[in-house]
Amino acid sequence: MTGRATGRTDLDSASAEPLHPAARDVLLAALERGYADPRRLHRAGREARLLLDNAREATADALGVRPDEVTFTPSGTHAVHLGLLGLVRGSRRGDVVVHSAVEHSAVRHAVSWGARAVEVGVMGDGRVYDGDLVENACSPGVGVVALQTANHEVGTVQDVGGFELPNDVPLFTDACASMGRLPLPDGWAAAAGSAHKWGGPAGVGVLLVRKRARWRNPFPGDDRVDERSTGFENVPAVLAAAAALQAVVAEREEVGARQHELVDVVRRRVAAEVPDVEVVGDPDRRLPHLVTFSCLYVDGEALVTELDRRGFGIASGSACTASTLTPSHVLEAMGVLTHGNVRLSLQRETTRADVDAFCDALPGVVAEIRSRVGM
């Protein structure tokens, strides 16, 4: 929802989308029936197991994979760690991970914890240098290549299935930003998704591991229904996540086209109406709902605060935030402006009026912040 009842417009769905109506209905129903341990043989346990299996089949059908390739995890981050490090552990070539410079921090942290990294640069639009990725993948000791499906900050879609990697070097793709919104690419051995990014409940991740992939659990095992998972499955949340994913995939063509047009409006108006602004990311091969731009002589945190005061919830992928004091590694790797960054990510119900209201307010906010520093 856009928050019209409260006079607010939420334009920050990249980290968490509001619960999809399909997920809400299923979650409420499943809370009554899916509470038990799905490993138990009594009636309540069998019913929970049936709901869990149904969720796995529905998720597999929505994503075009096999049900036994689907594992539910406690988060998208955990799915990233489990998928990537499991391929590293299963590799016969070594523990080096070749990854792009714009991977999510979950990938970077996983590599620094359990592997060795070779980072490959990207172009100004955020796409990886193709030749560099393949050349490094052929080096001795390389066990895995990690390449995101689409970037979480700028929206650029990578050509995940278009690389001729060595046959014994599997590819891991972080699909958390794109799963449900875009079809899965080809060419991966393991992939990760995050339910709350497509309108499912928080606390549900999806790990996909191809049937023939050399994957070994990098963490202590657990006696669960799915040998790749750990901990007690949140069956109601998993079922709701699957329902939301099915709904999002079913409406993807219509919603995606509408959001793509709205983002085009933002890209055009911001570039034309705000002086000294840089709109970043690939203008065409991108997530349909996300747009990022940076404003010279403006602090990103100040932009978030001032726009929030005016009723617009946005995010900033830039820096010098109070919490980290470091700029976005994604924007730095792309060689674009890192300060004064704004990231908009549209919800499924965002309208042209919402987008126009934001674009109407933005130039005055930017001018006001610049005037404070004498610009």
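Between segment 121-181 and segment 237-269, how many Å separate their Cα centres?
Between the Cα centre of segment 121-181 and that of segment 237-269, the gap is 23 Å.
Does segment 156-257 come out rounded, prolate or oblate by the C-alpha gyration tensor, with a ≥ b ≥ c the root eigenvalues, rounded set by a/c under 1.5 and, if not, prolate when a/b is larger than b/c and oblate if not? If you can, show how the numbers build up before the last one.
Values: a/c = 2.58, a/b = 1.02, b/c = 2.52.
Cα axes put segment 156-257 in the oblate bin.
Of all accessible surface on the chain at a 1.4 Å probe, what whole percent is carbon and sulfur?
Numbers: 7980 of 15800 Å².
Carbon with sulfur: 51 percent of the solvent-accessible area.
Quick one: which residues, 5+ away or cross-chain, put their amide H under 5 Å from the amide H of T9? H built at 1.01 Å from N.
F312, G313
Give me the extension gain from R210 to H109: residue separation times 0.36 nm, minus the current Cα-Cα distance, reported in nm with one decimal. Let's see the in-between values first.
Values: separation 101, 0.36 × 101 = 36.36 nm, distance 2.33 nm.
In short, 34.0 nm is gained.
Go ahead and set up a Gaussian network model of the chain, Cα springs under 10 Å, then flag whichever of A250, A146, A189 fluctuates most.
A250
Run the numbers for A29 and N217: contour at 0.36 nm per residue of separation, minus the present Cα-Cα distance, in nm.
Numbers: separation 188, 0.36 × 188 = 67.68 nm, distance 3.32 nm.
Separation in residues times 0.36 nm, less the Cα-Cα distance, equals 64.4 nm.
Please identify, among H289, H78, H42, the residue showing maximal mean-square fluctuation in a Gaussian network model of the chain using a 10 angstrom Cα cutoff.
H42
So what J values fall out for segment 116-132 if you push phi through Karplus, 6.51 cos²θ - 1.76 cosθ + 1.60 with θ = phi - 60°, rounded to Hz, Gly and Pro as x?
Once θ is set to phi - 60°, the couplings for segment 116-132 become 10, 10, 10, 9, 10, x, 10, 7, x, 8, x, 7, 6, 6, 4, x, 5 Hz.
Name the most mobile residue of L239, L296, L344, meaning the one with the largest mean-square fluctuation, in a Gaussian network model of the chain with Cα contacts below 10 Å.
Among L239, L296, L344, the largest GNM mean-square fluctuation belongs to L296.
Per residue, how large is the accessible surface of the chain? Use a 1.4 angstrom probe and give square angstrom. Please report the intermediate quantities before stating the final value.
Details: 15800 Å² over 375 residues.
Roughly 42 Å² per residue, with all protein chains present.
The values are calculated or read from the model by the stated rules, or taken from the named source; none is laboratory data. Since this is a predicted model, take the numbers as computed values, not measurements. Heads up: the accessible areas ignore ligands, DNA and RNA and are worked out on the full protein's heavy atoms, side chains in. Shrake-Rupley method; radii C 1.70, N 1.55, O 1.52, S 1.80 Å.
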